[in-house]
Amino acid sequence: MTMRVYSGTDIGQRRQVNQDYVYASTDTVGNLPNLFVVADGMGGHNAGDFASSCAVHVLVDTVREDANYNPVKVMRHGIESANLQILEEAAKSADRKGMGTTIVAATIVGSSAYVANVGDSRLYLIHQGIRQITKDHSLVQEMVRMGELREEEALNHPDKNIITRALGVAPSVDVDFFDFEIQPDAMILMCSDGLSNMVTNEEIAKLLEQPGSLKEKGKALIRLANANGGKDNIAVVLIEPFTKEVEE
């Protein structure tokens, strides 16, 4: 069995700077057998792209040095370290004051996936349809969860970009964790809201069911987000954990 992955980002149609950052390793990172990360930065000037890349680099470096074998503890430690580093960097420079980033990280251990999430970047499981595993830390999604807003109303809500949790906001960060079993023919999609705000879950599922390589599917998702308006940067990490054939 081979694990296959595609990762990529795109600036989109409206932004001057790409503040999305991705990392994908099918090889071991410290005590984790693999590691996949999507971060979506925010902040003026170039602060958002600094925040997202800083978060990913600190997370990866911390994971490499962590003696723990528990994937949840390893990812928590990495995200907490990244959070503190962003705060420290923001304090050094007026241009970086108030910067922050979302982060979603995942590792696959055997047939189980472990996921850590802060913000509104997402992880989906694609198997006989599409299921969002992570829960958005956003004002609009919290209104949906409270029953104050219908899912359909949330799609075009004016406040949909307001997130309620991010790295770089406070010295401590509340991280959500999820785990699930992966079926042999399943696929995992991790993305920033530049994809999920531009392409519906149904469109994502339909596109990923088409024949083609993982790279072709990943690039097609980015093209579709741009065709639908491309209002934000787009980040995509696609994983096929269990594939039998070799892809050229």
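The values are calculated or read from the model by the stated rules, or taken from the named source; none is laboratory data. The structure presented is a predicted model; accordingly, all values stated were derived computationally and were not measured. Cβ coordinates were reconstructed from backbone atoms using ideal geometry, including for glycine residues, and neighbour counts include every protein chain displayed.
Please work out if residue 80 is within 17 Å of the chain's Cα centre (by Cα) and of a type in the set (Asp, Glu).
So residue 80 passes the test.
Quick one: in the range 149-206, which of the residues that are among the small types (Gly, Ala, Ser) and touching a helix residue (DSSP H, G or I) at 6+ places or on another chain (Cβ under 7 Å) is nearest to residue 5 (Cα to Cα)?
Restricting attention to the range 149-206, the residues satisfying the condition of being among the small types (Gly, Ala, Ser) are 154, 166, 168, 170, 172, 186, 192, 194, 196, 205.
From what is left, the residues that are touching a helix residue (DSSP H, G or I) at 6+ places or on another chain (Cβ under 7 Å) are 154, 168, 194.
Values: 154: 31, 168: 29, 194: 20 Å.
The qualifying residue nearest to residue 5 (Cα to Cα) is 194.
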query = Out of the range 84-126, which residues are buried (at least 17 other Cβ atoms within 10 Å of the Cβ) and assigned to a loop (DSSP other than H, G, I, E, B)?
reply = 99, 102, 119, 120, 121
key: Single unsatisfied condition, residue 209 versus (1) within 19 Å of the chain's Cα centre (by Cα); (2) surrounded by fewer than 22 Cβ atoms within 10 Å (Cβ to Cβ); (3) of a type in the set (D, E, K, R)   = (1)
query = Under the condition of being among the hydrophobic types (A, V, I, L, M, F, W, C) and modelled with pLDDT under 95, which residue from the range 127-142 is surrounded by the most Cβ atoms within 10 Å (Cβ to Cβ)?
reply = 140
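Would you confirm whether any residue within the range 151-172 is among the aliphatic types (A, V, I, L, M), over 30 Å from residue 92 (Cα atoms) and at pLDDT below 95? Before the answer, list the steps.
Quick first cut of the range 151-172, residues among the aliphatic types (A, V, I, L, M) only: 154-155, 162-163, 166-167, 169-170.
Next, from what is left, pick out any that are over 30 Å from residue 92 (Cα atoms): 154-155.
Next, only the ones that are at pLDDT below 95 stay: 154-155.
Checked the range 151-172: at least one residue is among the aliphatic types (A, V, I, L, M), over 30 Å from residue 92 (Cα atoms) and at pLDDT below 95.
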ask   = Quick one: how many residues across the range 53-74 are over 13 Å from residue 39 (Cβ atoms) and part of a helix (DSSP H, G or I)?
value = 9
